[in-house]
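The values are calculated or read from the model by the stated rules, or taken from the named source; none is laboratory data. No experiment lies behind these values; they were computed from the predicted model shown. Neighbour counts are summed over all protein chains in view; Cβ atoms, including those assigned to glycine, are modelled from backbone coordinates with ideal geometry. All accessible areas refer to the heavy atoms of the entire protein, side chains included, with ligands and DNA or RNA removed. Shrake-Rupley method; radii C 1.70, N 1.55, O 1.52, S 1.80 Å.
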Amino acid sequence: MIPAAGGGTRMRAERPKQYLQVRSRALIEYSLAPFFHAGWIDGVVVVLAPGDEDFIRLPVARHWKLHTTSGGVTRSESVLAGLKRVAELTQGFMGDRGVYALVHDAARPCLTRQDLERLKDEASDEQGGLLAVPVADTLKRGNDDHVIHTVDRRNLWRAQTPQMFRVDLLRLALESCRQRGIEITDEAAAMEAAGYKPLLVPGRESNFKVTYPEDLALAEFWLSRQELER
Ligand code: CTP
Ligand code: MG
């Protein structure tokens, strides 16, 4: 499932960042590609902002695996809406316990097929898992622009997407965060709050999230390179 209902405020572009083009394709088309390609993925739900008119114009909108629904004001509301759609689509299919969802940002266009495959191979259990990269920089905790102390970076990771969880468990976890007023920035945080220990699956730097205008050039670099490697 791809939550794509955000407005891309930090990108300051004329349209949401997932619709900006790099090498003649919208970012979201690249983000979707590995999920369309994987034979073990039965369907892809894209969560759109109410009134979105850009998505339907893309050729991928007619892919046979594709379903859409509309999202909410926050990312976690959009993900909940997407999970609801997944649950409707899979009703009576394998029973709830066998259905997993992979949640992936519309603005992460450089996910490789190999990393998606590895996440599936390693995280298909109750705990679920996510792609992540170890922190390389030295970390400082600051206060008023001054260093208070250096944070030990061993065991610190930067969380990416996709994040893979059982649909029923992730729904419960997200609903519970909503009810308890716990603010979360990724799905793993909701699962953690519910007592699970999602698996950290080492990914790569190229799977970064396009956020600021200068990130477009970096996306173009990785996408050209991946095209050459294919
Ligand atoms: N997202 C969503 N619904 C929201 C907010 C975000 O589906 N209400 C999606 C975005 O479309 C994106 C992903 O969540 O695919 C990651 O969010 P982010 O990078 O923060 O994107 P935006 O919210 O669009 O950007 P910004 O925060 O700069 O406004
Ligand atoms: Mg945002």
Tally of Lys pairs whose C-alpha atoms are under 25 Å apart, taken over the chain, 8 or more apart or cross-chain: 13
1.4 Å probe accessible area per residue over the chain, in Å²: 55
Computed [θ] at 222 nm, helices only, for the chain once each DSSP H run of length n ≥ 4 contributes -39500 (n - 2.57): -10000 deg cm²/dmol
Filtered chymotrypsin sites (Phe, Trp or Tyr not before Pro), the stretch 11-52: DSSP coil and at most 16 other beta carbons within 10 Å: Trp40
Over the stretch 30-129, relative contact order from alpha-carbon pairs under 8 Å, at least 6 apart, %: 32
Burial ranking of peptide ranges 158-164, 147-153, 199-205 (average Cβ count within 10 Å, highest at the top): 158-164, 199-205, 147-153
Förster radius 35 Å - calculated FRET efficiency between Ala193 and Arg113 (Cβ-Cβ, nearest 0.05): 0.65
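What is the percent carbon and sulfur in the accessible area of the chain, measuring with a 1.4 Å probe over the protein chains and ignoring ligands? Provide the component values of the computation, followed by the final result.
On the way: 6180 of 12700 Å².
For the chain, the apolar C and S fraction of the accessible surface comes to 49 percent.
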Nearest-0.05 FRET efficiency for Thr185 and Leu228, computed from C-beta distance (R0 45 Å): 0.85
Highest-fluctuation residue, Asp121, Asp145, Asp105 considered, GNM on the chain with Cα pairs under 10 Å: Asp145
Cα shape, the chain, gyration tensor, a/c 1.5 rule: rounded
For the stretch 171-230 and the stretch 33-101, distance of Cα centres in Å: 17
Charge-dipole axis of the stretch 19-103 as Lys and Arg at +1 and Asp and Glu at -1 on Cβ define it, positive-most pick from Phe93, Leu80, Gln21: Gln21
Most fluctuating residue given options Val44, Val103, Val22, as computed from a GNM of the chain linking Cα atoms under 10 Å: Val22
